[in-house]
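Only the coordinates and a few stated rules stand behind these numbers; no lab work does. Keep in mind the model is a prediction, meaning the values are calculated, not measured. Here Cβ is always computed from backbone atoms with ideal geometry, including for glycine, and neighbour counts include all displayed protein chains.
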Amino acid sequence: MTLNIPPPDILLQLSLNGALGGAMYGVAAVGLSLVFGTMRLIFLAQGAMIILAAYFVRALFYGLGIDPFLSLLIVVPVGLGVGWLVYQGLFRRAAAEADRNISLLIAVGLMFLIQNLMTVVWGGNTAAVVTSYTASGIEILGVRTSFTRSMGFLIALAGTGLVVLFLRSTLVGKAVRAASEDMEAATLMGISPHRVNAIAFAIGIALAGAAGVAVATTFPFNPFAGFIFSLKALVALALGGIGNVAGALAGGIILGLIEAYVQYFISGGWTNAIAYGVFLAVLMFKPEGLFSRPYKKA
Amino acid sequence: MLKQALPQRAWTAIAIVAVIALALVPLLPGAVDSYAFSFLFFVFLYAIMAQGWNLVAGFGGQISLGNHAFFGLGAYTTAILWTGNYLWGSLYDSHPDIYYFDPVTMTLGGLVAAVAAIIIGLPLLSKLRGDYFALGTLGFGEIVKVMFINGGDFTGGAFGVVAPAGTFDTLLPHYLVGLGLMAGVGVAIRLLMRSRYGLALIAVRDDEMAASANGIDVLKVKVSAFAGSAFIAGVAGSLYTYYIFHVGPDSVFDLDWMLLPLMMTVVGGTGTLLGPILGALVMYAVFDLAKIVVPDYHPVISGLTIILAMLFLPKGLMRSFAGRARAA
């Protein structure tokens, strides 16, 4: 293998595209991080939720003519409601059980259900949202990149920012953080576990909605595309450190960069293996994540 | 739900009678060509996989999300040894069926998986516990899959390896070997769980620190349970190769080979001996029935069934039957 050092503008282009794409993994990872933090649940259905949101955005666009980015105003509140309902209806009882396999399996069942309902309703073919500005590009740092990818990045940044703000400066947010660190102690302080779990779920699904908007405008998608998104989000989560919300976004961006470089320097076929290899290496050597302060979790 | 727990001996008797009855099924006229026969073969296959997952997760408490990788490793090992142009082509060309249900090939399928489990298990289990182990094994499964897709001629790339399907004659050997493996794995796990090792495994699951304080080598116990689980999955993969003949990355590394056995175990009863078998029978029957009755919606039904089973039967069928939790 000959390693050619590419000219700086190509390097910049690679980095930019990688970072912009990776932010989408990041925003999915933030949702996973919240749910994992309070419930210790690997919510494998997150990716399916993102694709469901993407189909919803597509239906709003082609059915009612609502601009995909404008539909954030609908998708995010709906996501909050759906997340709350999903927790109350499906996970509330399982959350009380010591056996966490049960929650994991409900998530898996939900993933199957959503994937296949989408197939029944919209068919299994690849779908896309094509707007007047889908093909247009903008210039950042002298490098041209797609407008929709940049918007996706902004959505990810804004979503993560809002979540961080919520966790830092509201009382409910602090309760969620306390529960993530030690549910038992938090419960003794009068924090209701069901309430924080439901809030984490609501925000997690709302973020899936936001990610759905970004995915719908950027990539073609199909009902089964969600699972790989869940896996990538898990990688981003591990890179950033479980329980570290801003770290999850950064982890996603790093993953996007790794993928872009591997694709350019090695080959597209190895992208996933190397991404998961990095994931395993981080789990083995730095399980608290790349950015975390020394901090012990159960 | 029976309030009165059936004694252990009654369960043993039921299991022995069931195995003997199932072994006699092929003698019935027309049975071998019936649909029920292939249905039972798949129940055995899933029951073996479920039992393997139950060993590391149910008895050992380490949630592995990578058992589909071990299944695939066993399947590929068998297919590559069988067609083995790279290793000893001449033998295959002259005797294409010499590897068909060859016990050595099947054992090697299990061993390759077990070695992979030790290689990945040592670093993962010594540093990580609980959820991180689950995440790590999930990542491992994806890595193995990509490695086989990129394995060039050796693994047949994205298409995979095609074994000589001409050797297939009847489903009878699949059925009997499947039944034998299911029964054998059941007996082996029962003996194991009554040995010192089994007690150590349960001690590690229930309280790692207390187990360690009592002189149990926690890492060794965990890694060996993981390797045992992988061995069982690898042998199951080997058996599947003799059924499917075309071993491809998307078919044998499919996540379903991990998720379905996991689900069957939990529905049947995690950490019970007969739970995985009962779960495999019940869940596979539900899926198969859905496939026949509502073919367009059957994955929807499967998803719903999992959710409903978890909401209303979270402790599993076995424990609901037996009335109380039982370790083995």
Helix A:226-240 sits off the longest principal axis of the Cα atoms of chain A, rounded to the nearest 10 on a 0 to 90 degree scale, by 80
The long-range amide H neighbours of residue A:290, using H built 1.01 Å from N in the peptide plane and a cut-off of under 5 Å, are A:240, A:241
Residue by residue through region B:47-64, the couplings from Karplus 6.51 cos²θ - 1.76 cosθ + 1.60 with θ = phi - 60°, in Hz, x for Gly and Pro, are 5, 5, 4, 5, 4, x, 5, 4, 4, 7, 8, x, 7, x, x, 9, 6, 8
So for chain B, using the alpha carbon gyration tensor with a ≥ b ≥ c as root eigenvalues (a/c under 1.5 gives rounded; past that, a/b versus b/c decides prolate or oblate), I'd call it oblate
Packing-ranked peptide list from A:67-76, B:214-223, highest mean Cβ count within 10 angstrom first, is A:67-76, B:214-223
When the charge dipole of the protein assembly as shown is computed with +1 at the Cβ of Lys and Arg and -1 at the Cβ of Asp and Glu, the Cα pointing farthest to the positive end, of A:41, A:68, A:250, is that of A:41
Amide H neighbours of residue B:168 at under 5 Å, excluding residues fewer than 5 places away on the same chain, with H built from the backbone geometry, are none
Partner shielding of B:298-304, as the mean number of partner chain Cβ atoms within 10 Å, equals 6
The answer for trypsin sites (Lys or Arg not before Pro) in region A:193-298 that fall in a DSSP coil and have at most 12 neighbouring Cβ atoms within 10 Å is A:296
The long-range amide H neighbours of residue A:137, using H built 1.01 Å from N in the peptide plane and a cut-off of under 5 Å, are A:147
The farthest towards the positive end of the charge dipole of chain B, of the residues B:43, B:8, B:101, given +1 on Cβ of Lys and Arg and -1 on Cβ of Asp and Glu, is B:8
Across A:275-281, the residue-averaged tally of Cβ atoms belonging to other chains within 10 Å stands at 6
To the nearest 20 debye, region A:176-298 has a Cα-centred charge dipole, built from +1 on Lys and Arg Cβ and -1 on Asp and Glu Cβ, of 100
Residues B:318, A:183 in order from fewest to most other beta-carbon atoms within 10 Å are A:183, B:318
Yeah, region A:93-176 with a ≥ b ≥ c from its alpha-carbon gyration tensor (a/c under 1.5 is rounded, else prolate when a/b outruns b/c, oblate otherwise) is oblate
Karplus-derived 3J(HN,Hα) from phi for region A:160-174 (6.51 cos²θ - 1.76 cosθ + 1.60, θ = phi - 60°), whole Hz, x at Gly and Pro, runs 5, x, 5, 5, 4, 4, 4, 5, 7, 10, 10, 5, 4, x, 5
Region B:95-149 and region A:155-181 have their Cα centres apart by a whole-number Å value of 39
Quick note, chain A: a/c under 1.5 would make it rounded; otherwise a/b > b/c is prolate and the rest oblate (a ≥ b ≥ c, C-alpha gyration tensor); here it is oblate
Computed for the protein assembly as shown: size of charge dipole around the Cα centre, +1 on C-beta of each Lys and Arg, -1 on C-beta of each Asp and Glu, debye to nearest 20, value 1940
For region B:35-255, the dipole about the Cα centre with charges only on Cβ (Lys and Arg +1, Asp and Glu -1), to the nearest 20 debye, works out at 680
Given Cβ charges of +1 for Lys and Arg and -1 for Asp and Glu, the option among B:68, B:268, A:164 whose Cα lies farthest towards the positive end of the dipole of the protein assembly as shown is A:164
Under 20 Å between C-alpha atoms, the lysine pairs in the protein assembly as shown lying 8 or more places apart or on different chains count 12
